[in-house]
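So the structure is just underneath, and the comments pick up after that.
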Amino acid sequence: MIVSLTIVRYRKVFVPFALLAMAVHRLPMMLQEGCTFWKLLGSGRNGTFDLQPDWQQWGLLAVWDDRDDYERFAERSFVANWWKLLSTETWTVLCQPMQSHGKWNGKEPFGKPNNIIDYGPIAVLTRATIKMTRLRNFWSHVDEVANLMAGAPGYITSIGVGEAPVYRQATFSVWENVEQMKAFAYGSKQHAEVIKKTRSEGWYSEELFARFRIIESTGTLYGKDPLRGLIK
């Protein structure tokens with residue numbers, strides 16, 4: 001199994017095509033050989049959950065049976081050719097799921113791996129469907145957690161994405177190694193308190209947490225590859 005996350009930035013003049021893609025790309029993804037799960041995603045402006053959408057930035061997360069299936073998609077698919085024609089840049093991270101807990105739309109898209117990541121940069125996906133009655137609780141803590149993460153040792157970058165505005169949100173963050181990621185996740189008192197509130201106050205109707213070993217990073221985002229020189 002291989003997981004790809006592609007972030008696409010469109011030219012301003014082509015933003016209407018970016019919006020159109022959220023509908024048009026559904027059929028080719030449904031028919032894409034070797035793709036077992038996919039989500040077309042909008043993007044926030046600040047690298048995490050965000051009420052301010054970035055109309056130029058969009059994403060696709062997909063799960064593939066193997067590397068060949070992804071390569072066929074990247075080389076010849078309708079979706080990939082759309083990106084090549086209309087985007088200013090794309091950045092793709094290929095990953096192997098190492099740990100995953102929870103569900104996404106009732107599915108376990110990455111299976112139930114429970115493997116050790118013992119070296120190199122890692123990616124973390126946190127995804128949730130937020131209860132309507134808990135939206136205020138959730139959004140009141142977003143900036144606090146985002147600022148903590150951005151200033152944490154070992155933090156490389158993060159992308160805030162969502163299937164639907166406001167209540168279906170995800171963050172894909174990249175870290176230099178698992179030790180530094182854990183130091184933020186479990187060693188930060190403020191972050192631990194927010195996590196405790198999500199449980200005690202029941203913010204989510206569904207959630208998923210996954211960790212990935214990064215296999216490859218290609219393309220650029222804002223003119224650079226965030227993982228250049230870090231993958232061996």
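Taking every residue in region 205-229 that is within 30 Å of ARG134 (Cβ to Cβ) and pairing it with any residue that is buried (at least 16 other Cβ atoms within 10 Å of the Cβ) and basic (Lys, Arg), at least 6 positions away or on another chain, the pairs with Cβ-Cβ distances below 7 Å are SER205/LYS131; GLU207/ARG127; LEU208/ARG127. For region 70-107, the candidate set comprises residues that are out of contact with any strand residue (DSSP E or B) (no Cβ under 7 Å at 6 or more places or on another chain) and acidic (Asp, Glu); within that set, the residue that is nearest to VAL13 (Cα to Cα) is GLU75.
Here is a yes/no grid of residues against (1) crowded, with 16+ Cβ neighbours inside 10 Å; (2) closer than 21 Å to GLY202 by Cβ; (3) under 17 Å from the mean Cα position of the chain (by Cα); (4) of a type outside the set (Val, Ile, Thr):
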| position | (1), (2), (3), (4) |
| --- | --- |
| LYS131 | yes, yes, no, yes |
| ARG134 | yes, yes, no, yes |
| HIS141 | yes, yes, no, yes |
| ASN147 | no, no, no, yes |
| GLY151 | no, no, no, yes |
| THR157 | yes, no, yes, no |
| GLN169 | yes, yes, yes, yes |
| PHE172 | yes, no, yes, yes |
| TRP175 | yes, no, yes, yes |
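Going through (1) of a type outside the set (D, E, K, R); (2) farther than 26 Å from ASP225 by Cβ; (3) exposed (fewer than 15 other Cβ atoms within 10 Å of the Cβ); (4) over 20 Å from the mean Cα position of the chain (by Cα) one by one, LEU85 falls short only on (2). The set of residues in region 119-158 that are among the β-branched types (Val, Ile, Thr) and either in contact with a Pro (Cβ under 9 Å, 6 or more places away or on another chain) or free of Cβ contacts under 8 Å to residues at least 24 places away in the same chain (or both) comprises THR133, ILE156, THR157. Against the numbered list (1) touching a residue at least 12 places away in the same chain (Cβ under 8 Å); (2) in contact with a strand residue (DSSP E or B) (Cβ under 7 Å, 6 or more places away or on another chain), PRO28 comes up short only at (2).
Quick check: is even one residue across region 82-89 in a strand (DSSP E or B), charged (D, E, K, R), closer than 15 Å to THR36 by Cβ and touching a residue at least 40 places away in the same chain (Cβ under 8 Å)? Taking every residue of region 82-89 in turn, none turns out to be in a strand (DSSP E or B), charged (D, E, K, R), closer than 15 Å to THR36 by Cβ and touching a residue at least 40 places away in the same chain (Cβ under 8 Å).
Can you work out which of the residues in region 204-232 that are among the small types (Gly, Ala, Ser) and surrounded by fewer than 12 Cβ atoms within 10 Å (Cβ to Cβ) is farthest from GLN99 (Cα to Cα)? So that I can check it myself, show each step before the final result.
First, the residues of region 204-232 that are among the small types (Gly, Ala, Ser): 205, 210, 217, 219, 223, 229.
With surrounded by fewer than 12 Cβ atoms within 10 Å (Cβ to Cβ) added as a condition, the list becomes 223, 229.
Values: GLY223: 31, GLY229: 25 Å.
The qualifying residue farthest from GLN99 (Cα to Cα) is GLY223.
Out of curiosity, is GLU163 at pLDDT 90 or above, touching a Lys or Arg at 6+ places or on another chain (Cβ under 7 Å) and closer than 30 Å to MET22 by Cβ? Spelling it out, it is not the case that GLU163 is at pLDDT 90 or above, touching a Lys or Arg at 6+ places or on another chain (Cβ under 7 Å) and closer than 30 Å to MET22 by Cβ.
Inspection of region 188-203 identifies no residue that is under 19 Å from ASN114 (Cβ atoms) and exposed (fewer than 15 other Cβ atoms within 10 Å of the Cβ). Among the residues of region 165-192, those that are in contact (Cβ under 8 Å) with a residue 12 or more places away in the chain and over 24 Å from CYS95 (Cα atoms) comprise PRO165, VAL166, TYR167, SER188, GLN190, HIS191.
Name the residues in region 182-195 that are closer than 26 Å to GLN52 by Cα and either modelled with pLDDT of 90 or more or among the charged types (D, E, K, R) (or both), would you?
Step one: of region 182-195, the residues closer than 26 Å to GLN52 by Cα are 184-185, 190-195.
Across region 182-195, the qualifying residue is only GLU193.
Evaluate the following for VAL161: is it surrounded by 15 or more Cβ atoms within 10 Å (Cβ to Cβ), more than 16 Å from the chain's Cα centre (by Cα) and aliphatic (A, V, I, L, M)? Full working, then the answer.
Working: surrounded by 15 or more Cβ atoms within 10 Å (Cβ to Cβ): yes; more than 16 Å from the chain's Cα centre (by Cα): no; aliphatic (A, V, I, L, M): yes.
No.
The values are calculated or read from the model by the stated rules, or taken from the named source; none is laboratory data. Quick caveat, the model's predicted, so the values are computed rather than measured. Here the Cβ is made from the backbone with ideal geometry for all residues, glycine too, and neighbour counts use every protein chain on show.
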